[in-house]
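Chemist: Take this structure, written in structure tokens, and hold onto it; I'll ask about it next.
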Amino acid sequence: MATLTGVGVGPGDPELLTVKAVRVLREADLVLVPVMADRAEPTATAGPPGADPGRAERTVRAHVAADRLRRLPFALDDRGGVTARRAAAWDAAARVVIEAIGAGARSLAFATIGDPNVYSTFGYLAQSVRALRPAVRVATVPGVTAMQELAARSGTPLCEGREPLTLLPATAGLALFADALAGPGTVVAYKGWRRHPELLAELRRQGRLADAVLGRSLGLPGERIGPVDDSEHDLPYLSTLLVPARREHRGGKL
């Protein structure tokens with residue numbers, strides 16, 4: 001039986017891969033990495049000369065030789081639900097996996113930034129593969145998430161005592177973010193990007209701006225970790241906003 005394993009490779013720092021993640025990647029017959037649909041053809045291995053690797057590929061290259069990687073193009077920049085381009089990319093990627101299995105591969109690893117079970121492309125790939133070949137076994141190896149890395153680097157505890165922790169994508173809309181901020185716990189927003197001015201205004205409205213921390217390009221060149229202010233006008237899609245719970249004194253939420 002062939003196995004497709006989604007491997008979390010963290011937010012960008014190659015040292016944040018778990019021992020198990022490195023082992024699974026190195027033992028796989030084929031390592032698959034996602035890339036923007038306009039950067040490589042579905043049949044490309046290391047990609048065309050000069051093509052920029054995606055974040056997962058750059059991380060994995062510290063542990064696996066580039067000639068063992070195969071790029072799978074996805075419509076990662078599409079907005080508006082399941083677009084035709086996005087669905088076609090999922091189907092094409094699944095066919096690449098099925099063809100590799102047909103050629104004899106029994107262990108395939110898909111490297112995904114963060115964790116494969118947290119807002120990951122891997123889930124869509126796994127569903128598509130299972131629809132074509134139900135017998136394929138699907139597994140995952142957890143990875144360090146961007147919110148964990150940002151919390152560690154900024155010295156900000158994510159949750160204490162009875163505090164809840166809310167993780168949401170800014171693409172879900174401002175209402176969810178505002179409701180979470182009004183609650184008693186820490187709020188983490190992914191994919192701030194174009195919605196950053198709205199998030200900033202809501203932080204200011206609820207008096208939460210001073211404690212908020214912003215992380216951009218974590219583990220990559222151009223990384224920035226610090227307070228949230230009006231100077232950030234060109235955020236990358238994969239930015240992370242961390243708003244810690246209000247804490248008045250030590251152990252106050254126990």
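Chemist: Could you tell me which residue of the stretch 159-175 is nearest to Leu214 (Cα to Cα), considering only residues that are within 20 Å of the chain's Cα centre (by Cα) and open to solvent by 30 Å² or more (accessible area, probe 1.4 Å)? Reasoning before the result, please.
Modeler: Initial filter on the stretch 159-175 (within 20 Å of the chain's Cα centre (by Cα)): 165-173.
Next, only the ones that are open to solvent by 30 Å² or more (accessible area, probe 1.4 Å) stay: 165-167, 171-172.
On the way: Leu165: 17, Thr166: 16, Leu167: 14, Thr171: 17, Ala172: 19 Å.
Of everything passing the filter in the stretch 159-175, Leu167 is nearest to Leu214 (Cα to Cα).
Chemist: Then there is this: Would you be able to say whether some residue in the stretch 158-167 is of a type in the set (Ser, Thr, Tyr), within 22 Å of Pro236 (Cα to Cα) and out of contact with any Phe, Trp or Tyr (no Cβ under 8 Å at 6 or more places or on another chain)? Break it down into steps so the answer makes sense when it comes.
Modeler: First, pick out the residues of the stretch 158-167 that are of a type in the set (Ser, Thr, Tyr): 166.
Filter again for within 22 Å of Pro236 (Cα to Cα), leaving 166.
With the extra rule that they be out of contact with any Phe, Trp or Tyr (no Cβ under 8 Å at 6 or more places or on another chain), the set shrinks to 166.
Yes, there is a match, as at least one residue in the stretch 158-167 is of a type in the set (Ser, Thr, Tyr), within 22 Å of Pro236 (Cα to Cα) and out of contact with any Phe, Trp or Tyr (no Cβ under 8 Å at 6 or more places or on another chain).
Chemist: If you don't mind, there's one more thing I want to ask. Here are the criteria: (1) part of a helix (DSSP H, G or I); (2) at pLDDT below 95; (3) under 30 Å from Gly183 (Cα atoms). Tell me which single one Ala89 does not satisfy.
Modeler: Evaluating Ala89 over (1) part of a helix (DSSP H, G or I); (2) at pLDDT below 95; (3) under 30 Å from Gly183 (Cα atoms) leaves (3) as the failure.
Chemist: A further question on this structure: Provide a single number: the residues in the stretch 90-125 that are in contact with a helix residue (DSSP H, G or I) (Cβ under 9 Å, 6 or more places away or on another chain) and without any contact (Cβ under 8 Å) to a residue 12 or more places away in the chain.
Modeler: Residues meeting the conditions: 0.
Chemist: Here's a follow-up. Which condition from (1) open to solvent by 50 Å² or more (accessible area, probe 1.4 Å); (2) farther than 23 Å from Leu238 by Cβ is the one that Glu198 breaks?
Modeler: The number of the failed condition is (2).
Chemist: So, in the stretch 177-200, of the ones that are among the charged types (D, E, K, R) and outside any loop (DSSP other than H, G, I, E, B), which residue ends up modelled with the lowest pLDDT?
Modeler: From the stretch 177-200, those among the charged types (D, E, K, R) are 179, 191, 194-195, 198; that's our starting set.
Among the residues that remain, those that are also outside any loop (DSSP other than H, G, I, E, B) are: 179, 194-195, 198.
Values: Asp179: 97, Arg194: 79, Arg195: 85, Glu198: 90.
Here the answer is Arg194.
Chemist: Follow-up question, since we're still on this one. Out of everything in the stretch 29-61 that is open to solvent by 20 Å² or more (accessible area, probe 1.4 Å) and of a type in the set (Val, Ile, Thr), what residue ends up being modelled with the lowest pLDDT?
Modeler: Thr43
Chemist: Within the stretch 100-116, take every residue that is more than 15 Å from Arg71 (Cα to Cα) and not in a loop (DSSP other than H, G, I, E, B) and give me the one that is most open to solvent (accessible area, probe 1.4 Å).
Modeler: Step one: list which residues in the stretch 100-116 are more than 15 Å from Arg71 (Cα to Cα), which gives 101-107, 114-116.
Adding the requirement that they be not in a loop (DSSP other than H, G, I, E, B) leaves 101-102, 107, 114.
Working: Ile101: 12, Gly102: 66, Ser107: 40, Gly114: 12 Å².
Checking each candidate, the answer is Gly102.
Chemist: Hey, any hits in the stretch 201-216 for a residue that's part of a strand (DSSP E or B) and modelled with pLDDT under 90? Before the answer, list the steps.
Modeler: Kept after step one, since they are part of a strand (DSSP E or B), are these residues of the stretch 201-216: 213-216.
Among the residues that remain, those that are also modelled with pLDDT under 90 are: 216.
Yes: one or more hits.
Chemist: Let me ask you something else. Residue under question is Ser217, and the condition is that it be open to solvent by less than 20 Å² (accessible area, probe 1.4 Å), within 19 Å of Leu150 (Cβ to Cβ), touching a residue at least 60 places away in the same chain (Cβ under 8 Å) and not charged (D, E, K, R); does it hold?
Modeler: On the way: open to solvent by less than 20 Å² (accessible area, probe 1.4 Å): yes; within 19 Å of Leu150 (Cβ to Cβ): yes; touching a residue at least 60 places away in the same chain (Cβ under 8 Å): yes; not charged (D, E, K, R): yes.
Yes.
Chemist: Condition test on Tyr119, is it assigned to a helix (DSSP H, G or I), touching a Phe, Trp or Tyr at 6+ places or on another chain (Cβ under 9 Å) and open to solvent by 30 Å² or more (accessible area, probe 1.4 Å)?
Modeler: Values: assigned to a helix (DSSP H, G or I): no; touching a Phe, Trp or Tyr at 6+ places or on another chain (Cβ under 9 Å): yes; open to solvent by 30 Å² or more (accessible area, probe 1.4 Å): yes.
Criteria not met by Tyr119.
Chemist: Filter the stretch 71-99 for residues that are within 27 Å of Pro221 (Cβ to Cβ), out of contact with any Gly (no Cβ under 9 Å at 6 or more places or on another chain) and open to solvent by 50 Å² or more (accessible area, probe 1.4 Å) and give the result.
Modeler: Scanning the stretch 71-99 gives Asp77, Arg79.
Chemist: Restricting to the stretch 12-28, count the residues that are touching a Leu at 6+ places or on another chain (Cβ under 7 Å) and at pLDDT below 95.
Modeler: The initial filter retains those residues of the stretch 12-28 that are touching a Leu at 6+ places or on another chain (Cβ under 7 Å), namely 12, 28.
Subset that is at pLDDT below 95: 12.
Selection size over the stretch 12-28: 1.
Chemist: What number of residues within the stretch 220-231 satisfy the criterion of being surrounded by 15 or more Cβ atoms within 10 Å (Cβ to Cβ) and more than 16 Å from Lys191 (Cα to Cα)? Let's see the steps before the verdict.
Modeler: Of all residues in the stretch 220-231, those surrounded by 15 or more Cβ atoms within 10 Å (Cβ to Cβ) come to 220, 225, 228.
Filter once more, keeping what is more than 16 Å from Lys191 (Cα to Cα): 220.
So the answer is 1.
Chemist: Consider only pairs whose beta carbons are under 7 Å apart and that are at least six residues apart or on different chains; among these, list those whose first residue lies in the stretch 47-58 and is farther than 22 Å from Gly8 by Cα and among the β-branched types (Val, Ile, Thr) and whose second residue is in a loop (DSSP other than H, G, I, E, B) and modelled with pLDDT under 70.
Modeler: none
Chemist: Pull up the stretch 126-157, narrow it to residues that are crowded, with 17+ Cβ neighbours inside 10 Å and free of Cβ contacts under 8 Å to residues at least 60 places away in the same chain, then point me to the one that is farthest from Ile101 (Cα to Cα).
Modeler: Gln148
The values are calculated or read from the model by the stated rules, or taken from the named source; none is laboratory data. Note that this is a predicted model, so its numbers are computed, not measured. Positions of Cβ are backbone-derived with ideal geometry, glycine not excepted, and every protein chain shown enters the neighbour counts. These area figures cover heavy atoms from the full protein model, side chains too; ligands, DNA and RNA do not enter into them. Shrake-Rupley method; radii C 1.70, N 1.55, O 1.52, S 1.80 Å.
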